[in-house]
Amino acid sequence: MKYSLIIKIAVALLLARWKQTTVAAVGVTFSITMFIALLGFMNGLNDLLDGLILNRTPHIRLFTEVNIRQEQPIHHQEEFKSGHNFIHSIKPTNSRQAIYNSKPILSTLAEDERVLGVAPKINAQVFFTLGTIDITGVINGIDPTAEATLFHFNDYVIEGKAEALQTVSNSIILGKELARKALAEVGDIVQVITPQGERFSLKVVGLFQSGIQEYDKTQSYASIKTTQKILGKDSNYLTDIQIKLIDINLAPAMAIEYAQRFGTLAEDIQTGNSQFETGSFVRSLISYAVGVTLLIVAGFGIYNILNMMIYEKMDSIAILKATGFAGTDVNRIFIFIALSIGITGGLLGLLLGFLVSLGIDQIPFRTASLPTVKTYPVNYSLFFYAIGFTFSLITTYLAGLLPANKASGIDPVIIIRGK
Amino acid sequence: MDIPVLKDISFSINKGEFVSVVGKSGCGKSTLLYILSTMDTDFTGDLLIDGESTHGKKEKQLAHIRNEKIGFVFQFHYLLHEFSVLENVMLPGLKLGRYSNEEVEHRAMERLKTLGIDTLARKKANQISGGEKQRVAIARALINDPQIIMGDEPTGNLDKRNSEIVFDVFKQMAEEYKQTLLIVTHDTLFAHNTQRIIEMEDGKIIHQ
Ligand SMILES: Nc1ncnc2c1ncn2[C@@H]1O[C@H](COP(=O)(O)OP(=O)(O)OP(=O)(O)O)[C@@H](O)[C@H]1O
Ligand SMILES: [Mg+2]
């Protein structure tokens, strides 16, 4: 069967009723526009909120904690073995906060195919000396390159450069609030004292703003080497190993696996942050629900126009069938009409949706906690466009199916007798 | 309850014959024609077209038979107003797909010329007179060189002059091109000018 002929007839019918078909197509355009704009905006928000916590949080964190030994001397005494011993006020002795064998662990992780990247870290409690008073703070010893690629560290450095941590010796990046309290600016020198009483001078090479004020009040960043020097530890000293996985969903299982394998504690991202995922899911769900509802309404529009066309064109359908067009040909004509309404309306909707997204993207949206965000966030993922277009095709096809079947079932004898 | 409209119908038409069917209103002429045209399949017995049985054929196959072998002219013209006169004539030819689009167009023009309406080819189908429309419908029926042309009171809606034109066209078809024609009519004058008259009464053929 020649499709060109079917298309020719379909186009003629479309043009004969172009006003109604335009209205039907506009319905599809409108719903797809809304769908794209809504999904783009909602997912932009999702990304933003995810970015606030999830992007900066390792999928798995390996660390050790100061622990009380389970084995106490009394357990080795024969005479006390039979009873139950209550011991109070046990103190840890000589415990290490560092991860044992950090080097082999790092090389093992580097070979693990499920791992996207690893960033070692040292957590060091210090005091910042401001004249005569000391305030407590934390120096995070990091690898700036790994931190930037895995946890978007550079996004939060609002002054100076993160790379300077590596190029300038004894350098530090202060939290914005901490710097404000210390009256320190980029280029200044700050004094820190370690819990062991060592005094150290560090050059401020940058400021960062994480978006969480409490955090910015106490935190600072230095290179791993500098931090090891401050603490007086060797180059194996690491307190945390942060792991980012290729598939975040594997985190809980892999955390258990690593804890056993490396003899450290391991924490996965899902355990602490499940509420974020729920929020994202609900926002996506709402967008899809609104989009699909609009499309269904548009589908009824298409259903109506096709039914009207068929009612008006009974005679034409009858003569087409009388002169040799089969039911399937008539069916295809009307499915083609429905799909062309859907495709035109859908493509226009994608374009308009994109334009509306661009518009939303221009609306100023400033918040102190998010230094990198200047306008409302929009996600331009092609996935939404693909989904939107597929939805428009499916709904218009379904809307066209019933009328098309009705048209193909028309008995020419009944029509011709009726005249 | 089923009431049979036609009973014991058996006849054949030879190639090149110009046959008319007459009878009182309601005697079953149209019903007979629709059955012969393969559009109405609700009957018992068999229908042979070009020596081939149509019994048990699928809707699509019957549509193809109509397309290829049968030309129709109804009381009403049934032209598609979205298309030009020429395109209306071409449609069944394009559907058959035996000739290229250009050839189909050429053949359509030939037929319009034979019917003396080639000057209307580019006009929209709703911009011509009733008599002209019926001639366009005849040209459409002829486009695929059908084995037979069937007409259900093709002159029923026309005035005397246009009826004569249409009759002359049919006669010319029969004599010059040996076109087989089966035309239902109430017009006795029309019927008497055909080669053979089939007379019906109460769903039966009483004379042929
Ligand atoms: N759809 C139908 N259902 C039931 N009976 C029908 C139907 N169509 C026609 N009939 C009956 O079949 C009989 C034959 O009808 P038909 O249309 O073939 O007559 P006709 O000879 O063509 O009449 P006319 O000259 O008025 O066109 C009539 O008695 C009519 O009432
Ligand atoms: Mg009749």
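For B:LYS60, a cut-off of 24 angstrom between C-alpha atoms picks up these lysines, skipping any fewer than 8 places away in its own chain: A:LYS2, A:LYS8, A:LYS313, A:LYS321, A:LYS406, B:LYS69, B:LYS95. The stretch B:27-112 gives an Rg/Rh value of 1.02, both radii derived from C-alpha positions and Rh following Kirkwood.
Please give me, ordered by residue number, the trypsin sites (Lys or Arg not before Pro) of the stretch B:171-202 that lie in loop per DSSP and have at most 14 other Cβ atoms within 10 Å.
B:LYS178
Across the accessible surface of the protein assembly as shown, with the other protein chains kept in place and a 1.4 Å probe, carbon and sulfur atoms take up 56 percent.
Determine, from the Cβ-Cβ distance of B:LYS7 and A:LYS2 and an R0 of 41 Å, the FRET efficiency 1/(1 + (r/R0)^6), rounded to the nearest 0.05. In this case the efficiency is close to 0.45.
Work out the FRET efficiency for A:ASP247 and A:LYS19 from their Cβ-Cβ distance, taking R0 = 51 Å, and round it to the nearest 0.05. Provide the component values of the computation, followed by the final result.
Numbers: r = 52 Å, r/R0 = 1.01.
Once the sixth-power term is evaluated, E becomes 0.50.
In this simple spin-label model, placing a label point 7 Å from the Cα along the Cα-to-Cβ direction at both B:GLU176 and A:ASN154 gives a separation of 8.6 nm. Backbone N atoms of the stretch A:17-32 closer than 20 Å to the 7 Å Cα→Cβ label point of B:LYS124 belong to residues A:17-23.
A:THR108 contributes an accessible area of around 50 Å² to the protein surface, as traced by a 1.4 Å probe with all chains present.
Other residues within the sphere of radius under 11 Å centred on the Cβ of A:ARG114, judged by their own Cβ, net out at -4 (K and R +1, D and E -1).
Extension gain, B:ASP168-B:ASP50: 0.36 nm per intervening residue step, less the Cα-Cα distance, totals 39.9 nm.
Taking every protein chain into account, the 1.4 Å probe leaves A:ARG56 with about 50 Å² of accessible area, to the nearest ten.
Between A:THR328 and A:ASN55, the contour length at 0.36 nm per residue exceeds the alpha carbon distance by 92.9 nm. Taking a ≥ b ≥ c as the square roots of the eigenvalues of the alpha-carbon gyration tensor, the stretch A:54-161 is classed oblate because a/c is 1.5 or more while a/b is no larger than b/c. Taking only Cα atoms, what is the 0 to 90° angle, nearest 10, from helix B:59-69's long axis to the longest principal axis of chain B? Once rounded, the angle reads 70 degrees.
Ignoring the sites themselves, chain A has its longest run without chymotrypsin sites (Phe, Trp or Tyr not before Pro) in a DSSP loop having at most 15 other Cβ atoms within 10 Å at A:101-364. Under the simplified labelling scheme, the A:ALA12-A:TYR380 pair shows an inter-label distance of 4.4 nm, with each label point 7 Å from Cα along Cα→Cβ.
Interface area, chains A and B: about 2400 Å² of buried accessible surface, summed, with a 1.4 Å probe and ligands, DNA and RNA left out. Around the Cα centre of the stretch A:211-331, unit charges on the Cβ atoms of Lys, Arg, Asp and Glu (plus for the first two, minus for the last two) sum to a dipole of about 280 debye.
Under conditions of 10 °C and 1.306 mPa s, the stretch A:317-364 yields 118 µm² s⁻¹ as its translational diffusion coefficient, taking Rh as the Kirkwood radius over Cα pairs in the Stokes-Einstein equation.
The values are calculated or read from the model by the stated rules, or taken from the named source; none is laboratory data. All values derive from a computational prediction rather than experimental measurement. As a convention, Cβ positions derive from the backbone with ideal geometry for all residues, glycine included, and neighbour counts pool all protein chains shown. Ligands, DNA and RNA are excluded from the accessible area calculation, which covers all protein heavy atoms including side chains. Shrake-Rupley method; radii C 1.70, N 1.55, O 1.52, S 1.80 Å.
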